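First comes the structure, then the notes that go with it.
The values are calculated or read from the model by the stated rules, or taken from the named source; none is laboratory data. What you are looking at is a predicted structure, and each value in this text was computed from that prediction instead of being measured. Note that each Cβ is placed from the backbone with ideal geometry, even for glycine, and that neighbours are counted across all protein chains shown.
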Amino acid sequence: MKTTRESVHEDSHKKLVNALQELLEKNYDSEKAYKTAMERTENAHLKNFFKTQAAKKNHNATQIDRHIHSLNEKPKESGSALGTIHRTWINLRSSIGGNKDKVLLEECMRGEKNSIREYEEKLKKNRFPNKIEGELHEHLEEMRTTHTSVKSIDDLK
């Protein structure tokens, strides 16, 4: 039989791991969305931007993956069903008339805004070890900088 303290520690551990798993999944989804956008654009500047952002998301996912391993847990290996739907939406929207590059950028920035909200929520509701919290704040600041600096496709030309 577990003591109350052991139960609380176990619940806290599960909550921490779950929060990290969700952020890991979010980074997988974002990386794939940026790669999808990179494949669909013909604009060299935009292609480079999407490639850079995909690499950043991969780096973030790798950091979170390591933290989950350090907590003796098995990290998720792929993104979410919602992320797959979003990428399908990106493909569909960018195929139907209009400025394809503008649509790709808008959808990626919409995804970035959602990632920012998720990170803010996780950081507010969870107590992470200092090192993990510091890295998550770095990810968040990087996303905020990207989101606020990209106001339009013209910013990338």
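A few comments on the model shown:
- Search result, residues across the stretch 100-136 that are over 11 Å from the mean Cα position of the chain (by Cα), small (Gly, Ala, Ser) and at pLDDT below 95: none
- For the stretch 33-53, filtered to residues that are buried (at least 20 other Cβ atoms within 10 Å of the Cβ) and of a type outside the set (Ser, Thr, Tyr), the residue that is farthest from the chain's Cα centre (by Cα) is Leu46.
- Residues of the stretch 93-113 that turn out to be part of a helix (DSSP H, G or I) and touching a residue at least 40 places away in the same chain (Cβ under 8 Å), as a count: 11
- Matching residues, the stretch 118-148, being acidic (Asp, Glu) and without any contact (Cβ under 8 Å) to a residue 12 or more places away in the chain: Glu121, Glu133, Glu138, Glu141
- Scan of the stretch 97-122 for residues that are farther than 18 Å from Lys57 by Cα and surrounded by 17 or more Cβ atoms within 10 Å (Cβ to Cβ), ordered by number: Lys100, Asp101, Val103
- Lys151 meets all of the listed conditions (1) surrounded by fewer than 17 Cβ atoms within 10 Å (Cβ to Cβ); (2) modelled with pLDDT of 95 or more; (3) not hydrophobic (A, V, I, L, M, F, W, C) but one, namely (2).
- Single residue of the stretch 1-36 satisfying the filter (closer than 14 Å to Glu112 by Cβ and of a type in the set (Gly, Ala, Ser)) that is modelled with the highest pLDDT: Ser30
- For Thr88, the stated conditions hold: it is assigned to a helix (DSSP H, G or I), surrounded by fewer than 18 Cβ atoms within 10 Å (Cβ to Cβ) and at pLDDT below 85.
- Residue list for the stretch 43-75, restricted to those being closer than 16 Å to Asp101 by Cα and not in a helix (DSSP H, G or I): Asn43
- Evaluation of His139 against (1) of a type outside the set (S, T, N, Q); (2) modelled with pLDDT under 95; (3) surrounded by 21 or more Cβ atoms within 10 Å (Cβ to Cβ) (one fails), failing number: (2)
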